[in-house]
Amino acid sequence: MKWISGIIDRLLAVLGALILSQAPLYMLQYEHRLAGHVNELQLLTNKFDQAAHQAGKSLPEYEQYFLQHSDEMIAGQGQIIHNVLERKKSFESSYRVLKETHIWNRPFVFLYQLNLPIAKETLASFQPGILINPEGFFYALIGMGLGFLVFSTIHRSLSLIFQKFSRKRTV
């Protein structure tokens with residue numbers, strides 16, 4: 001029976017390593033998707049900037065012109081410009097922070113900076129794999145430890161339950 005327990009504990013440790021080693025790969029794919037959004041927003045911002053320049057205004061002046069216009073349709077265009085500029089700032093900030101974060105802080109910063117729609121897009125197109133670098137190794141080690149911890153917890157719990165039932169039968 002101990003040999004079965006030994007096989008199961010090793011299988012769960014390997015399974016934990018494989019599952020958790022996907023985390024840095026998911027974060028990397030998320031980062032790439034976020035960079036794509038930043039690039040697209042930069043293109044839009046450049047278009048707004050060109051239009052502002054042609055109108056003889058700075059981009060903030062151009063934005064304010066639209067936002068403060070008495071015609072609701074034109075003011076609505078100003079709101080679109082404003083939203084694009086704010087989204088660009090937000091995404092650029094998130095991207096910069098993710099790129100500069102140290103490996104130890106990365107999961108926490110990632111969760112704090114997470115944009116749910118982009119996270120869902122990333123998950124929908126996620127390509128599993130194994131990163132062969134210090135970060136991938138680190139996550140695999142933690143996954144092995146968690147897999148072993150799960151096995152140990154289940155094994156001990158079941159052992160206690162079986163011991164209780166076997167004592168009740170002998171009494």
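The values are calculated or read from the model by the stated rules, or taken from the named source; none is laboratory data. Predicted, not measured: the structure shown is a model, and the values here were computed from it. Don't worry about glycine lacking a Cβ; one is built from the backbone with ideal geometry, like all the others, and counts go over all protein chains shown.
Looking across the range 50-88, the residues that are among the charged types (D, E, K, R) and in contact (Cβ under 8 Å) with a residue 12 or more places away in the chain come down to Glu63, Arg87, Lys88. Would you say Phe151 is assigned to a loop (DSSP other than H, G, I, E, B) and either touching a residue at least 24 places away in the same chain (Cβ under 8 Å) or under 15 Å from Leu18 (Cβ atoms) (or both)? No; evaluated as a whole, the condition is false for this residue.
From the list Gln113, Gln77, Gln54, Gln64, which one is under 30 Å from Tyr139 (Cα atoms) and among the polar types (S, T, N, Q)? Checking each option against the conditions leaves just Gln113. Within the range 41-50, count every residue that is in contact with a Lys or Arg (Cβ under 9 Å, 6 or more places away or on another chain) and not polar (S, T, N, Q). Within the range 41-50, residues that are in contact with a Lys or Arg (Cβ under 9 Å, 6 or more places away or on another chain) and not polar (S, T, N, Q) number 2. Just one residue in the set Leu34, Leu41, Leu15, Leu11 is outside the structural domain of Ala119 (by TED's automatic domain parsing) and within 23 Å of the chain's Cα centre (by Cα); that residue is Leu15.
Could you say whether any residue in the range 137-149 is among the aliphatic types (A, V, I, L, M), surrounded by fewer than 11 Cβ atoms within 10 Å (Cβ to Cβ) and out of contact with any helix residue (DSSP H, G or I) (no Cβ under 8 Å at 6 or more places or on another chain)? Spell out how you get there, then give the answer.
Filtering the range 137-149 for residues among the aliphatic types (A, V, I, L, M) gives 140-142, 144, 146, 149.
Still in the running and surrounded by fewer than 11 Cβ atoms within 10 Å (Cβ to Cβ): none.
Checked against the condition, which is being among the aliphatic types (A, V, I, L, M), surrounded by fewer than 11 Cβ atoms within 10 Å (Cβ to Cβ) and out of contact with any helix residue (DSSP H, G or I) (no Cβ under 8 Å at 6 or more places or on another chain), the range 137-149 yields no hits at all.
Does Ser125 satisfy the condition of being surrounded by fewer than 12 Cβ atoms within 10 Å (Cβ to Cβ), in contact (Cβ under 8 Å) with a residue 12 or more places away in the chain and either closer than 16 Å to His37 by Cβ or touching a Phe, Trp or Tyr at 6+ places or on another chain (Cβ under 9 Å) (or both)? Criteria met by Ser125.
Condition check ((1) within 28 Å of Ser152 (Cα to Cα); (2) in contact with a Ser or Thr (Cβ under 9 Å, 6 or more places away or on another chain)) across all residues:
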residue: Leu11; (1), (2): yes, no
residue: Val14; (1), (2): yes, no
residue: Leu20; (1), (2): yes, no
residue: Arg33; (1), (2): no, yes
residue: Leu44; (1), (2): no, no
residue: Ala52; (1), (2): no, yes
residue: Asp71; (1), (2): no, no
residue: Ile74; (1), (2): no, no
residue: Gln77; (1), (2): no, no
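Kindly evaluate Leu146 against the criterion of being out of contact with any Cys (no Cβ under 7 Å at 6 or more places or on another chain), assigned to a helix (DSSP H, G or I), within 19 Å of Gly36 (Cα to Cα) and at pLDDT below 95. Give the derivation first.
Values: out of contact with any Cys (no Cβ under 7 Å at 6 or more places or on another chain): yes; assigned to a helix (DSSP H, G or I): yes; within 19 Å of Gly36 (Cα to Cα): no; at pLDDT below 95: yes.
No, not satisfied.
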